[in-house]
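I have placed the structure first, in the form of structure tokens, so that the comments after it can refer back to it.
FYI, it's all coordinate maths here, none of it is from the lab. Since the structure is predicted, the reported quantities are computational estimates derived from the model, not experimental observations. Backbone-built Cβ (ideal geometry, glycine too); neighbour counts: all protein chains shown.
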Amino acid sequence: MIDAIDRAALRRTVAVVNGKGGVGKTSITANLAGLYAAAGYRVLAVDLDPQGNLGNDLGYLGAGLSDDGAAFQMAATVGAAPTPVRDVRPNLDVVPGGEQLHDLAAVLQSRRLTGRGGVESLAASLGAVAGGYDLVLLDCPPGSDVLQAGALAAARWVLVPSKTDDASRAGLREVARRFVAARQTNPELTLIGVVLFGVNPSARRVVAQARETLVQDLGGAAPVLDAVIRHVEAAAVDARGRGQLVHELERDVHTAPKWYERLRHPDQGRLEPLASSAGPLAEDYQRLAEEVLARIVAVEQTAEVPA
């Protein structure tokens, strides 16, 4: 059993969180984790959502590698290190989530209500495993106050995806409330910024207006990031259906047979064409990965400069 929270080990732990569902938390967690791993970083992705959708994006559900969060539920209850699923991608390990996290949320909430702590054991559990990685990304559930609180108790950084609608902004305000509460016990918790997700890149007026509104909502507390993630239904469906990340789908688009090659060799069976829009979407995620890491490094370097 581990009581203390290892803040040094958690120094590059990023919680991807919004109080509303459907704003891209899982997609961003999966794709950033995959890009950082492909760049050579040792990465741990943690699925804190009882829906367990991270396994769809990373493709390990179909491989039978998920335990629906059972192992994490047992470890986080007592503050012990969870055992990740190794090498879901080279350099990328995963702590799966799923329905068993409902039980974890119930235990932690009971402890909070009876004054016996609560989210500290979840944070201690993540701290016990984070030291083996360069980056840890937490895919947070939209609806569970206690699991979000546990993620914010563990994280050093917070990234908030948001769409341009009012409901997403309401979810952002809910995150702000929990962020302020978490800083009482985790004072170094820092908001990296808000990233617009699922936008139409050609609707520049709408995007500009959404940026302006979010800047006003944030009141200077954090930036709206330059990178945005566009809405590309075909590429998103292809990627999730194949258990691939977007940059992996982009690779297969480039290597797939061209239309005339398929026409020339009908005896090889019908091959459905892949979404050519994967390329622009992959570039969006790459820009976001670069911007997030640059902001983390900039703060780290500032902290290292003697006063």
Sequence ranges 83-93, 48-58, ranked by mean other-Cβ count within 10 angstrom, highest first: 48-58, 83-93
FRET efficiency for Leu65 and Asp226, Cβ-Cβ distance as r, R0 = 30 Å, nearest 0.05? 0.25
Label selected from [x] 6, 25, 36, 25, 8, 1, 0; [y] 6, 27, 34, 21, 7, 3, 0, 0; [z] 6, 30, 40, 21, 3, 0, the criterion being P(r) over Cα pairs in 10 Å bins from 0, in percent as computed here: [y]
Size of charge dipole - region 147-245 - debye, nearest 20, with Cβ of Lys, Arg +1 and Asp, Glu -1, no other charges: 60
Taking the Cα centre as origin and putting +1 on Lys and Arg beta-carbons and -1 on Asp and Glu beta-carbons, what dipole magnitude results for the chain, to the nearest 20 debye? 500
Distance (nanometres) between label positions extended 7 Å along Cα→Cβ at Arg205 and Asp103: 5.5
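Round to the nearest 0.05 the FRET efficiency obtained for Arg173 and Ala4 when R0 = 30 Å and r is the Cβ-Cβ distance.
Working: r = 32 Å, r/R0 = 1.08.
Approximately 0.40, to the nearest 0.05.
Which value at 222 nm does the chain reach when only helices count, each DSSP H run of 4 or more adding -39,500 (n - 2.57), with the total divided by all residues and rounded to the nearest 500 deg cm²/dmol? Numbers along the way, then the final one.
Details: 12 runs with 147 residues, N = 307.
-15000 deg cm²/dmol, from helical runs alone.
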What fraction of the DSSP beta bridges in the chain is antiparallel, stated in percent and rounded to the nearest 5? 5
Can you find, among Ala128, Val175, Pro96, the residue sitting farthest towards the positive end of the charge dipole of region 13-234, where Lys and Arg contribute +1 and Asp and Glu -1 at Cβ? Val175
Using the Cβ atoms and a cut-off under 11 Å, what net charge is assigned to the surroundings of Gly19, where Lys and Arg are +1 and Asp and Glu are -1? +4
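Where does the charge balance sit around Val119 when Lys and Arg score +1, Asp and Glu -1, over other residues with C-beta under 12 Å from its C-beta?
Details: positive: Arg111, Arg112, Arg116, Arg178; negative: Glu120, Asp145.
Neighbourhood net charge equals +2.
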Within region 132-168, whose backbone N sits under 13 Å from a point 7 Å along Cα→Cβ of Ala181? 143-153
Given contacts defined as C-alpha pairs under 8 Å and at least six residues apart, what's the relative contact order of region 13-234, whole-number percent? 26
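Evaluate E = 1/(1 + (r/R0)^6) for Val78 and Glu283, where r is the Cβ-Cβ distance and R0 equals 51 Å; express this FRET efficiency to the nearest 0.05.
Numbers: r = 43 Å, r/R0 = 0.85.
Efficiency, from the Cβ-Cβ distance: 0.75.
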